[in-house]
Amino acid sequence: MTRTRRFATLGALGAVAVALPYVAPSYYVSVATLVLASAVLAVAVNMLVGEVELFSLGHAGIAAAAAYGLAWASGQGFDHGGQLGVAALMTLLASLVYALISMRTTGVFFLMVTLAAGMVCFGMAYRWSSVTGGDNGITGIRRPELFGEYWQFYFFVLLVFLVVTFAVHRLSVSPLGLTLRGVRDSQTRMQSLGYRVAGLKFLAVLMSGVVAGVAGVVLVWHHEFISPAFAGFQASALALVMVVLGGAGRLYGPLVGAALVVLIQQVLSTYVERWPTVLGVLFVLAVIVVQRGYHERVREALRRRRPTAPRQVQVSTSTEG
Amino acid sequence: MRLAQRRARQLTICAAVSSVLLALAACAPSESLAGDTDPPASPSDDGSQSPAEPSAEAIELKVGVLAPMTGFVSAIGTDLKQGWEMFWDEHGTSVGAFEITTVLEDDASSPETALSKAQRLVTEEKVDVVLGPVLANQALAVADYLARQEVPNLSMSSADDVTQRNFSPFVLRTGAMAGSQMTFPGGQWAYEEGYRTAATLCVDYAFGWESCGGFVSAFVDAGGEVTQQLWYPGDASDLSTYVTQLLNADVDVIFAGTAGGTDSSNFLRSAADFGLLDKTPVLSNCCTLDQAIIQDVGDISLGVKSVSFYTEGADRVADFVAKFEERYGVIPSLYAIGAYVSGQMLVAALEDLDAKPSGEDLVAAMKGADLSGSLWGDVSFDEYNNLVGPVAIREVVAREDGKLWNVVIEEIPDVSQFWTFDPAEFLDSPPFSTTRTGQ
């Protein structure tokens, strides 16, 4: 029964997503594109939160590395294939660095290390002005003709989001995902079982970094512009805010969070001058009111991952009680 | 078994969704899907888009204003909005055949937000022209977007490249001068005052590089020598270490190019505390002695000289300043007057038109209008759509009522963004930075 309902919900969501460009004005389609693109970055952060319970405050740095790679290559006259190549290279490089420096940390130390790495990325974007254009950023980036129109690009980003979400979902139910959750639940036990915990974390950060790189590419294609703010603390923090708002660790959490943040930032700000306050209040509410519910639910759900549908019902009712 | 089955099903669903998406993307019409990006094709439009049929009613001309109402430069947004509103309140929104309406958007001091808001203004509000934004990175990003949409942009930003390396026929810098343009005359003036050696202190990002770049280029070109250049990070809260270094520099004049925020106040306070202002003459850029800073630091700014294209104590703007003060209780900043003048220039161009101009035509009409005697002085636009006009050496004095403001001590007319250099050569060289500090 729940499964049917779930499929019905998914189907309805899918129909809305597909119909959107045919009914909504172009501005709202491009806001939806931004929601999806931001959600991809949130998925990267959410992966680490859900699988290994590592909270990153620097993922915008990896996204920016990819985006700057693409922007720089486009300025050098590379074709789109070459641009993507450079972006992939930069993603790999940045993810490797992130993974190497954070693989032996947990909790708040992981947070600090990723924050520091993010600040290094920001600093490079800001100061290395001969390559990055400094504070002025790089203009004149163009996305490929294939999805040059706003609605074509919308479908492209929708596809990217679905593929990434599906891949992350597959990962979480794979043996590797289970092992990672083992690391999350008890590092010492995994160690005594003979797993190399640091190596596993390295792998997790690396995979999450690749997703962040994908996010960087779709985001820079969306804006067709990049400046150091892309790599800044605020961008990283907002990605984490999205994850928390949507419910940390949940598969569709990033989309919900990204929608909330982007809509407040882009749409509400037209009507409410104090929109940052609204965002702040919402965040505080999410942490205070929803946190326990989410937390328990996530724990339960993850502990009995791949449950049959009725068990999920039990889980959700138990959180209400 | 079940797992394998489910996996197969999931894969099938995924493949199906992807192929449907691809098919949709490929089959959909090449123009707008919701029929909203192509105004002439849309029958729901009110007909004002079509210049062919003259209408008895006024033609609506929509101006989108991008101002930082929140974020770290929100004070600028308020100034800009006040200047713009005051102009239309005074002038009335009816101009010749046109009725002017304004849509204000908060760009949150962020380039990404400014871009999205510009997009909203163009696609949702269908504005005919956009004023702003102010920050360099915002201005460059928005100008790039608007040029592709063929919507004219009245720029309020001082970023050199808006009208230089990123020049666009749709961008007209009405509300400001280029960053280096407004400090070139400072270099020449310093040399003519008899100073032969100089040290500089500028904020370490594009605006500071351009401020210092202008001064150093003209000073060295005139025959002076720059012996020391210091750069401080934009978020530095204490500038005393830099001031101490300048105190030990054996030079005739010091040029300070600050960003116009708390850094400017900090610089002036430190310079006063350590006796730098008494020891060596200091010349600063526009923003170090902006009204907000003068009101903040008070008497220590008395007698400090600066170079800018706007002087609140100049006779030319006396009327405007008096009216603005009466209305808002403060002396207008250069963003307030920038928005006001942009309004004036728009009106000057629209008065002679009887049908809605295309983006290029509007820019051309604005460039062609008579701009002598504007609040900027006798100005004109160069072929890169940047103002050529007077820049003044200013000094802070006390007004009769005790308020401090800048007055003109010398005015240099017809300053171009290329100073005396060859435009082509100027544009071929890289923009100013810490490694390229002079032309």
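When B:THR288, B:THR258, B:THR262, B:THR244 are screened for being surrounded by fewer than 18 Cβ atoms within 10 Å (Cβ to Cβ) and under 21 Å from the mean Cα position of the chain (by Cα), only B:THR262 passes.
I'd like the full set of residues that are aromatic (Phe, Trp, Tyr) and either in a loop (DSSP other than H, G, I, E, B) or touching a Cys at 6+ places or on another chain (Cβ under 6 Å) (or both), limited to segment B:289-348.
Here is the first cut: in segment B:289-348, the ones aromatic (Phe, Trp, Tyr) are B:309-310, B:320, B:324, B:328, B:335, B:340.
Within segment B:289-348, B:PHE309, B:TYR310 qualify.
Residues in segment A:164-184 that are loosely packed, with under 13 Cβ neighbours inside 10 Å and in a helix (DSSP H, G or I): A:PRO175 alone.
Restricting attention to segment B:206-255, the residues that are within 14 Å of another protein chain (Cβ to nearest Cβ) and assigned to a strand (DSSP E or B) add up to 2.
Within the bounds of segment B:62-76, is there any residue that is modelled with pLDDT of 90 or more, closer than 23 Å to B:TYR340 by Cα, crowded, with 17+ Cβ neighbours inside 10 Å and at the interface with chain A (Cβ under 10 Å from one of its Cβ atoms)? No, segment B:62-76 contains no residue that is modelled with pLDDT of 90 or more, closer than 23 Å to B:TYR340 by Cα, crowded, with 17+ Cβ neighbours inside 10 Å and at the interface with chain A (Cβ under 10 Å from one of its Cβ atoms).
So, in segment B:108-121, exactly how many residues are more than 11 Å from A:SER30 (Cβ to Cβ) and either in a helix (DSSP H, G or I) or within 9 Å of chain A (Cβ to nearest Cβ) (or both)? Break it down stepwise before answering.
Step one: filter segment B:108-121 for residues more than 11 Å from A:SER30 (Cβ to Cβ), giving B:108-114, B:117-118, B:121.
Keeping just the survivors that are either in a helix (DSSP H, G or I) or within 9 Å of chain A (Cβ to nearest Cβ) (or both) gives B:108, B:110-114, B:117-118, B:121.
Qualifying residue count, segment B:108-121: 9.
Is there a residue in segment A:293-306 that is modelled with pLDDT under 85, more than 18 Å from the chain's Cα centre (by Cα) and within 14 Å of chain B (Cβ to nearest Cβ)? Yes, the conditions are met somewhere in segment A:293-306.
One residue stands out in segment B:131-144 among those that are touching a helix residue (DSSP H, G or I) at 6+ places or on another chain (Cβ under 6 Å), of a type in the set (A, V, I, L, M, F, W, C) and not in a helix (DSSP H, G or I): the one that is farthest from B:ILE100 (Cα to Cα), namely B:VAL134. Among the residues of segment B:287-303, those identified as in contact with a Lys or Arg (Cβ under 9 Å, 6 or more places away or on another chain) and closer than 22 Å to B:ALA199 by Cα are B:LEU289, B:ILE300. Screening A:GLY249 on (1) assigned to a helix (DSSP H, G or I); (2) crowded, with 18+ Cβ neighbours inside 10 Å shows it passes everything except condition (1).
If you go through segment B:343-366 one residue at a time, do you hit one that is among the hydroxyl-bearing types (Ser, Thr, Tyr) and under 25 Å from B:GLY260 (Cβ atoms)? Working first, answer last.
Applying the first criterion (among the hydroxyl-bearing types (Ser, Thr, Tyr)) to segment B:343-366 yields B:358.
Filter once more, keeping what is under 25 Å from B:GLY260 (Cβ atoms): none.
There is no residue in segment B:343-366 that is among the hydroxyl-bearing types (Ser, Thr, Tyr) and under 25 Å from B:GLY260 (Cβ atoms).
Say we look at segment A:106-160 and pick out the residues that are polar (S, T, N, Q) and outside any helix (DSSP H, G or I); which of these is farthest from the other protein chains (Cβ to nearest Cβ)?
Just the residues of segment A:106-160 that are polar (S, T, N, Q), to begin with: A:106, A:114, A:129-130, A:132, A:136, A:139, A:152.
Checking the rest, the ones that are also outside any helix (DSSP H, G or I) come to A:106, A:139.
Details: A:THR106: 31, A:THR139: 4 Å.
Filtering segment A:106-160 for residues that are polar (S, T, N, Q) and outside any helix (DSSP H, G or I), the one farthest from the other protein chains (Cβ to nearest Cβ) comes out as A:THR106.
The rows are residues; the columns are (1) in contact with a Pro (Cβ under 9 Å, 6 or more places away or on another chain); (2) more than 20 Å from A:LEU41 (Cβ to Cβ); (3) small (Gly, Ala, Ser).
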| position | (1), (2), (3) |
| --- | --- |
| A:LEU193 | no, yes, no |
| A:ALA198 | no, yes, yes |
| A:VAL205 | no, no, no |
| A:SER208 | no, no, yes |
| A:VAL211 | no, no, no |
| A:GLN266 | no, no, no |
| A:THR277 | no, yes, no |
| A:ILE288 | no, yes, no |
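In segment B:49-61, is there at least one residue being facing chain A (nearest Cβ under 10 Å), part of a loop (DSSP other than H, G, I, E, B) and over 21 Å from B:MET345 (Cα atoms)? Checked against the condition, which is being facing chain A (nearest Cβ under 10 Å), part of a loop (DSSP other than H, G, I, E, B) and over 21 Å from B:MET345 (Cα atoms), segment B:49-61 yields no hits at all. Of all residues in segment A:84-108, those that are within 10 Å of A:ALA198 (Cα to Cα) have Cβ atoms under 7 Å from Cβ atoms of residues that are part of a helix (DSSP H, G or I) and β-branched (Val, Ile, Thr), 6 or more apart or on another chain, in A:ALA99/A:VAL205; A:SER102/A:VAL113; A:SER102/A:THR114; A:SER102/A:VAL205; A:MET103/A:VAL205; A:THR105/A:VAL113.
Residue-by-condition table, conditions (1) buried (at least 21 other Cβ atoms within 10 Å of the Cβ); (2) of a type in the set (Gly, Ala, Ser); (3) within 28 Å of B:PHE87 (Cβ to Cβ); (4) more than 12 Å from the chain's Cα centre (by Cα):
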position: B:ALA136; (1), (2), (3), (4): yes, yes, yes, no
position: B:LEU146; (1), (2), (3), (4): yes, no, yes, yes
position: B:MET156; (1), (2), (3), (4): yes, no, yes, no
position: B:ASP161; (1), (2), (3), (4): yes, no, yes, no
position: B:MET177; (1), (2), (3), (4): yes, no, yes, no
position: B:GLY187; (1), (2), (3), (4): yes, yes, no, yes
position: B:ALA190; (1), (2), (3), (4): yes, yes, no, yes
position: B:ARG196; (1), (2), (3), (4): no, no, no, yes
position: B:CYS202; (1), (2), (3), (4): yes, no, no, yes
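Residue under question is B:VAL95, and the condition is that it be on the phi < 0 side of the Ramachandran plot, among the aliphatic types (A, V, I, L, M) and more than 9 Å from every other protein chain (Cβ to nearest Cβ); does it hold?
For B:VAL95, the condition - on the phi < 0 side of the Ramachandran plot, among the aliphatic types (A, V, I, L, M) and more than 9 Å from every other protein chain (Cβ to nearest Cβ) - is met.
Checked against (1) in a helix (DSSP H, G or I); (2) more than 14 Å from every other protein chain (Cβ to nearest Cβ), A:PHE7 passes all but condition (2). If only one of A:TYR27, A:TYR68 is of a type in the set (Phe, Trp, Tyr), without any contact (Cβ under 8 Å) to a residue 40 or more places away in the chain and surrounded by 17 or more Cβ atoms within 10 Å (Cβ to Cβ), which one is it? So the residue among A:TYR27, A:TYR68 that is of a type in the set (Phe, Trp, Tyr), without any contact (Cβ under 8 Å) to a residue 40 or more places away in the chain and surrounded by 17 or more Cβ atoms within 10 Å (Cβ to Cβ) is A:TYR27.
When residues in segment A:219-246 are screened for being more than 12 Å from the chain's Cα centre (by Cα) and assigned to a helix (DSSP H, G or I), 11 of them pass.
Just to be sure before I move on: is A:ALA60 in contact with a Leu (Cβ under 8 Å, 6 or more places away or on another chain) and either closer than 28 Å to B:ASP235 by Cβ or surrounded by fewer than 17 Cβ atoms within 10 Å (Cβ to Cβ) (or both) in the structure I sent? So A:ALA60 fits the description; yes.
Summed over segment B:204-222, the residues that are in contact with a Phe, Trp or Tyr (Cβ under 6 Å, 6 or more places away or on another chain) and surrounded by fewer than 24 Cβ atoms within 10 Å (Cβ to Cβ) give a count of 2.
For B:MET156, state whether it is over 26 Å from B:ILE409 (Cβ atoms) and touching a strand residue (DSSP E or B) at 6+ places or on another chain (Cβ under 8 Å). It would help to see each step written out before you state the result.
Details: over 26 Å from B:ILE409 (Cβ atoms): yes; touching a strand residue (DSSP E or B) at 6+ places or on another chain (Cβ under 8 Å): yes.
Here the answer is yes, as B:MET156 does meet what is asked.
Residues that are among the acidic types (Asp, Glu) and more than 21 Å from B:SER168 (Cα to Cα) within segment B:409-439 comprise B:GLU410, B:GLU411, B:ASP414, listed in sequence order. Does B:ALA147 fit the bill of being of a type in the set (A, V, I, L, M), assigned to a helix (DSSP H, G or I) and farther than 24 Å from B:GLY261 by Cα? Yes, satisfied.
Residues in segment A:216-257 that are away from every other protein chain (no Cβ under 14 Å) and under 24 Å from B:TYR145 (Cα atoms): A:VAL217 only.
The values are calculated or read from the model by the stated rules, or taken from the named source; none is laboratory data. These figures come from a predicted structure and were not determined experimentally. All Cβ positions, glycine included, derive from the backbone under ideal geometry; neighbour counts span all protein chains shown.
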